[in-house]
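The values are calculated or read from the model by the stated rules, or taken from the named source; none is laboratory data. Source: prediction; values computed, not measured. Virtual Cβ from ideal backbone geometry, glycine too; neighbours counted across all protein chains shown. Calculation scope for accessible area: heavy atoms of the full protein, side chains included, ligands and nucleic acids excluded. Shrake-Rupley method; radii C 1.70, N 1.55, O 1.52, S 1.80 Å.
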Amino acid sequence: MSASAGDGEPCTPLDNAKEEVSGPTCTGDNSKHESSICSGSSEIKSRAVVKYCAAPPPTSYALLQEKTDLKLPPANWLRENPQLGSAGTTILGSSSKSKPFSSFGMAYEFIDCIGDDVDVVSDSENIKKLLKIPYSKSHLSMAVHRVGRTLLLDELDIQELFMRSSQTGDWTWLKEFYQRLIDQKWQRKKKSKEHWYQKAILSKFLYYSINGDGAAEPQSDGLNEGEEDSGADEFSSSWPTAFTSTSNAEESEAPKQESVTVDSSFALGQVTSVPKEQNLPTIFNEGENGQGLRNDFVRNIMWTFEDIHMLVGSNMPIFGGGRYPAVSLRLRDNNKPINILTGIDYWLDNLMCNVPELVMCFHVNGIVQKYEMIKTEDIPHLENSTFSTRVVKDIAQNVLSFLKSNCTKEGHTYWLFKASGSDIVKLYDLTTLCEEAEEEKYQNPFTLPVAVLLYKVASNLMLKARQNRKHYGTIRTLLLNCVKLLDQDRHPQIIASAHYMLSELFQLDEPLEEDGGESLRAGGSEDSYSDEDREEEEEEEDLTEDSDDDGSYSNCSSLQDDSKAVAVIRSVGELSVPEKYRSTHQIRPSCTFPVSQDKEERCRLVLSYVLKGLKAVDGSIKKESDLPAADPNTPIPLKYEDRSATGACATEKGISLLLERAAGPLQGEQKHTTRSGMIPGSWQHHMKLKLFFKASKAYYVLSDAATNLLKYGRALRYIKLSLQCYDAYCSVSGTLHPHVLLFHSQCLSLCGDIQLMLAQNANNRAAYLEEYSYQTKEDQEILHSLHRESSCQAFSMATDLAMDPEYQLFVSSKCYEAAYELLVSEPLKDLTSDQLSQVLKRLGNIRNEMGVYYMNQAAAMQAEKEVKKSVSAAEQEMWKKSFGFFEKGMKDFEAIGDSTNTALLLCNTGRLMRICAQAHCNLSGNEGRGEFSPEEALYYNKAIDYYLQAMKALSSREKHSAVWDSVNWELSTTYFTLATLLQDYAPVSRKAQEQIEREVTEAMMKSLKYCDLQTDSARQPLYQYRAATIHHRLASMYHSCFRNQVGDEHLRKQHRSLAELHYSKAVSLFLSLKDAPCELLRTLLERVAFAEFTMAGQNSSTAKLKSLTGAIEIMTETRHAFQLIHKELQEEQTELNEPDSAESAESSDVANGPMAGLNLQEVMKLIGVFEPSFSFLLLQVIKLMTTAKRKPSNKDEELLKTYKNVYSKLLRAEKNAPLVSRVELYVELLQQLMQRTGSDDTGTRKP
């Protein structure tokens, strides 16, 4: 005897093409062993990993003395013993029949391995029967189910099934089918006494083998007196009751018939975003184990046989100790040789349990003769039982390929059958056959366990789905098949849970991954088809398209006597041919979830699943008679109202519900039944909470997407539905958890956004109303389900479509306030810093909008006044409202440190102050406005203060250049307006002229300070024009002071120099503008007048001549202004001559900058000043030059000649000539003067 296979010499593999296949990695392994069993010239790769073992560590077996009589029962016989496991408590020994759901018990326990990692889950006895098919003449009957890549195999004992059928009337359709097509003379076959004798002797032998070791102590509660005739009763008790039609009332009285309760091992709380207190109800509890859904095996082993991964259950007793750490014990009659079936049995048992050696005890008529030790790898070569391990390997691969190619529908029960003595193996789809028997449609006892297994695998994969989206397609297929199997009236809980999980696959609050949009509708995966075309495709599916070219198995349509079979193996001998059957039917190759990039489509799918889940829940609630009947086809109106006439008090009262409902009940559980009759804490209660919340989320995402598309009517409809779902959630829930409150604040915030957008886009109200009023049938049905629990009116004030912009702004602000109150409430105050800042920003924005709205209302009231009177009370009320909102908005922005928006609100407050100032201007009858009033000065100075605060808040232009430029411009404008009003409407009755001039100068210089002439921006021409105007006004003021000043010569000189300076700067700036010819001409003419006035006080001819020459030089600069005027006049003339271009000319005039268009009246007025002034200067200079005492030089003579020539032409000019001609003449004369005097300042007077 050798110790173990591991101690022997290693075998050299001859088939190098094969690779070692690693077993699947699942958690919870108790022990791991690897073995490589060699047979002959080839190596069969086998690896066994023990996943679970209920037996104690192997102990030594007792070596029975020769002549021991095994017919005598040992003292401990049939007493429960952990060493023997279930093999010791029944006379059937290790050949115990499998329970009909044994694979399901294993699948439930090792759910992680089901779907992808494992090919087969079954009892080891079933595996052995399959691998012995070509060698055995006995019958074979197995139920096959598919879950992903995994096949579940269970024994389907037809004899026991039909024995039960004759007692209960169940399965009669299968019995008739069996008798009609397969065995027309079927009758119960009883097992011989010899069979039971051999089983009893084996059982006694095993007890003797542990007795000598002292390991088996009798246990009083382990005795089973069931003996020989207990087999049938034991087996039949393991079948669950067939499901017959029961009324809802009966179902509620006996809920166990649904066989679906709760098992915390796969609650969906970990999968969803709902906290543990609201976990999904589960589907199984320990009470279900009486239905045969328990893992009853002593050990579960992950067995990799070649490239096949199997999860097998085994009850074989294993002994060990000393030299032999693991052996299996076998009892053989010395008079009967070991046949090939027994040899394969022993070999496979040892391979599966990783036992390297077998101990054989030989007996004659129950008398022990001898023991023999055999290595596992030597079993295939025993005398009379020689077999090829390679052939067994081929059989395994062919059987698996055959089953995988034909058992293609998840959820269907397939029956693999071979009659006794027959070589033909047939595969039937019992689910399809069962459906054909309408009166017994739900009598397939496998339906519920299969559906629950699909559900369990899906829920287990949901735990992994967050890390890997590839599972989504698998989960979807599993759940759709699960729902397809079940009847909603009998199993509403599973159906509702499955639909909720389907909706959870669509993570609406997460961005799509780049590969998330790869739809499988054009792919080859089974997960590609949608819900609607799923049944259609399955009906058309050719289940035998993968058969090989030899036609080894075929669709039974070619066999008249097997028209009901899915597929047939015509001869079991074909299974021994290598790769005779190759599975080309790829089961879930790479499951990609068919996610659309379109948000609305995804949300609609979610809502369809939510609706189905709600229907399942509503159908299971009995208190329907207490509710008014509602037709789901009748739309529930989403009303809209014109709130323009609604009083403020009524509005406040209605909107206050927002805060009351938003705060909600935060403590205490609901004790009373809900409106529909649900009991708090029931599965219906938990499920409705989840479905309502999911629907609310889906509608929120739809609303957000519609907002982004500028479809504000649609967005308001969706946010209304979202808040109605939330209202129903509040009605059902006793406690609102922080994540729910957080989501609710997001809904309120979005509702505020939508109402704000509606207020700002009042022109499209008709389109928005049409979008808002539209309603899908799905939305109607969801609303009817919501109305079973709540009136859904808590948020109607916030979500109605009003026609009044003021009311919409008001509602928007209240939504934001409610969201803010939620975020600063006790449950959320430590969780929401980011969201709080967003809501505060929105609050600041809506308060700015409302401030601007009331400010514009006040400005409109002011503009509508025909006669300026004192400020009305209505105007003052508008100012107060506007100012109040601006103040609140500034506090909101300051709370989050948003200096940019704070500056904008300060800027708007400054604008409000300017509107107040304009309202206080004095009017003096028909003479126009009066003096600049103190009230005006007060408000303008307040405006300046707010603008300066805004500049201080920004601190520098780099922070936000656009806002900085805007505030800078407004500040400059305010200073300029203040100075202009002071100058034009001087308050001489209250202030001295000197004080007014000082204030004007100060304001003008401050305005000039904020004129940004260096920065290249769109406002630069405006700044240049303003700066030029300021210099012109200052020059005019100093000019006036110089003319009017008497006495103080020093002050006069100062005024004169300042006037010269500002005139010079004004001319320079106007010249750079190129589009202000009238302003340039006026400034130059005023400057000429200033020179003339200066000359009037001079007595010396030389000084006068010098002043006149300087004045003429200034006059020649008007050439630039006249050139610009001439150009514009020509363009106007051209446009008049081309009527086709009239429209384009009108449009271009609008866009020509601040000086767009030529004021002809102004031009004529300026020309009326220019001509006499020009004539006067020429005449005076000619007089002085001709009467000069000193002899003129040649140059002076030429210059005099030029002056006379220009003066002559000017006098002879036609006074009634067209304006263009006159301007053209002026340009010519001025050009002539410039050439003679040599003054060309085009490049010398740039700013």
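Qualifying chymotrypsin sites (Phe, Trp or Tyr not before Pro) in the range 768-865, where qualification requires a DSSP coil assignment and no more than 15 other C-beta atoms within 10 Å, comprise Y774.
Within the range 1031-1087, all pairs of alpha-carbon atoms sorted by distance into 5 Å bins from zero give the percentages 4, 23, 28, 19, 12, 8, 4, 2, 0. Three principal axis extents of the range 688-765 based on alpha-carbon atoms, in descending order, are 44, 17, 17 Å. Length available on full extension from N1044 to N1216: 0.36 nm per residue minus the Cα-Cα distance, which gives 58.2 nm.
For the range 1154-1196 versus the range 801-817, the inter-centroid distance based on Cα atoms is 66 Å.
Measuring only protein heavy atoms, the 1.4 Å probe finds V963 accessible over about 10 Å².
Please state, as a whole number in µm²/s, the translational diffusion coefficient that the Stokes-Einstein equation yields for the range 355-417 at 10 °C and 1.306 mPa s, with Rh defined as the Kirkwood radius across alpha carbon pairs. Answer from the Stokes-Einstein relation: 103 µm²/s. Evaluated on the range 977-1124, the Kirkwood hydrodynamic radius is 16.4 Å, with distances taken between all distinct Cα atoms. Mind running the shape call on the range 919-1058? Use the C-alpha gyration tensor, a ≥ b ≥ c as the square roots of the eigenvalues: rounded below 1.5 for a/c, prolate if a/b tops b/c, oblate otherwise. Taking the square roots of the gyration eigenvalues as a ≥ b ≥ c, the range 919-1058 is oblate. For the range 1037-1088, applying the loop criterion from DSSP together with a ceiling of 15 other beta carbons within 10 Å to the trypsin sites (Lys or Arg not before Pro) yields K1074.
I'd like the FRET efficiency for N339 and Q488, computed as 1/(1 + (r/R0)^6) with the beta carbon distance as r and R0 of 60 Å, rounded to 0.05. My answer for the efficiency is 0.70. Once you've got the Cα coordinates, tell me which of K132/K204; K1165/K1189; K690/K891 are over 32 Å apart. Listed pairs above 32 Å: K1165/K1189; K690/K891. With a cut-off of 15 Å between beta carbons, the residues surrounding H1050 carry a summed charge of 0, where Lys and Arg count +1 and Asp and Glu -1. Principal axis analysis of the Cα atoms in the range 699-856 yields extents of 47, 41, 23 Å, listed in decreasing size. A 1.4 Å probe over all protein chains sorts I1114, I395 by accessible area into I1114, I395, starting with the largest. Give the residue list of GluC sites (Glu not before Pro) in the range 829-866 that are DSSP loop and have at most 11 other beta-carbon atoms within 10 angstrom. When the GluC sites (Glu not before Pro) of the range 829-866 are filtered for loop state and at most 11 Cβ neighbours within 10 Å, E866 remain. Taking Cβ atoms as reference points and 12 Å as the exclusive limit, the residues near V839 contribute a net charge of -3, counting Lys and Arg as +1 and Asp and Glu as -1.
Take every Cα-Cα pair in the range 966-1007 and report what % of them are more than 14 Å apart. Cα-Cα pairs of the range 966-1007 separated by over 14 Å account for 45 percent. Roughly speaking, what % of Cα-Cα pairs in the range 1079-1123 are separated by over 14 Å, rounded to a whole number? Value for the range 1079-1123: 47 percent of Cα pairs lie more than 14 Å apart.
Quick check: net charge around Y1025, other residues with Cβ under 15 Å of its Cβ, Lys/Arg +1 and Asp/Glu -1? Summing Lys and Arg as +1 and Asp and Glu as -1 gives +3.
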